[in-house]
Amino acid sequence: MTTSEKAEEVVNNLYKYRDHYVENFGIEKAIQKVEDSKNKVSLRNLSMVLRQIQVGSGEERRKIIKESVDKAKEAVQLDIQDGLSWLILGNAYLSLFFMDGQTPQYFKLCMSAYTQAEKDTVAKSNPDLYFNRSIAHKYQEDYQLALDGFIMAGQLDPTWQNPAMAEKQLVNFLTNVTELSESKEFHYKSVRVHTPLVLVVNGKKLGLDKQAPSELAVRAVYD
């Protein structure tokens with residue numbers, strides 16, 4: 001079995017665990033199952049699975065995302081040098097940031113976790129790190145950093161289409177804004193942002209009613 005096939009088998013088993021064990025026995029017992037054989041890989045997997053669980057209310061969703069953060073933090077505590085654990089923690093914080101009213105503290109913790117992840121040679125070669133961090137950069141209007149990250153993610157995994165699509169969308173967005181700003185008939189309220197960005201045009205910010213909802217497009221294996 002090749003490395004790729006082994007990885008695919010792990011991911012398939014992970015989602016079977018989510019769809020069957022969690023559904024049949026509940027989240028609490030699923031968490032206890034990991035606690036009984038606690039290790040950083042199990043904790044990382046549980047953090048990812050928790051973020052994939054669909055629940056009814058926003059409060060329930062928020063609680064699960066916070067639990068996901070806690071499990072990722074536990075994984076980091078078991079091995080603070082493990083970049084993949086830091087990456088999962090960054091993803092969890094980014095999800096919590098968008099879920100919990102875009103609290104600046106969560107954003108800072110997310111970016112800090114990604115910085116720690118990049119120090120590890122294994123995580124540094126993971127395209128998800130660059131893609132997810134670019135989502136965060138895009139939100140902060142750090143467009144060049146976002147583009148650089150999307151490009152790097154695509155180079156690390158040429159078969160993954162999301163980075164190229166995200167890069168193209170951002171380039172089109174910036175091109176459209178430039179063309180609109182140079183138009184004599186330009187009116188800033190006519191612009192709609194299709195990403196979690198706060199668009200500033202001629203010193204004015206679009207109102208919340210003109211902003212598109214946040215997007216966190218990540219691969220199943222990490223979110």
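We did not get these values from a lab; they are worked out from the coordinates using the rules stated. The model shown is predicted, which means the values in this text are computed figures rather than measured ones. Because the Cβ atoms are built from the backbone with ideal geometry, glycine has one as well, and the counts that use them run over all protein chains shown.
If R0 is 22 Å, what FRET efficiency do you get for ALA164 and ASP100 from their C-beta distance, rounded to 0.05?
0.10
In debye, nearest 20, what is the charge dipole magnitude of the stretch 43-166 about its Cα centre with +1 on Lys and Arg Cβ and -1 on Asp and Glu Cβ, if you could check?
Dipole size: approximately 200 debye.
Roughly what would the spin-label model give for LEU174 and LEU145, points 7 Å off Cα along C-beta, in nm?
Between LEU174 and LEU145, the simple spin-label model gives 1.4 nm.
Which trypsin sites (Lys or Arg not before Pro) does the stretch 104-169 hold that lie in a coil by DSSP with at most 11 other beta carbons within 10 Å?
LYS119
What residues of the stretch 44-60 lie in the reach of a label at LEU78, counting those whose backbone N is under 18 Å from a point 7 Å from the Cα along Cα→Cβ?
44-51
Given R₀ = 25 Å, FRET efficiency for LYS108-MET152 by Cβ-Cβ distance, to 0.05?
Result of the calculation: an efficiency of 0.65.
Identify, among MET99, GLN155, ALA166, the residue whose Cα sits farthest towards the positive end of the charge dipole of the stretch 61-175, taking +1 on the Cβ of Lys and Arg and -1 on the Cβ of Asp and Glu, with the dipole about the Cα centre.
Highest projection toward the positive end goes to MET99.
Cα centroid distance between the stretch 140-174 and the stretch 102-136, in Å?
Comparing the Cα centres of the stretch 140-174 and the stretch 102-136, I get a distance of 15 Å.
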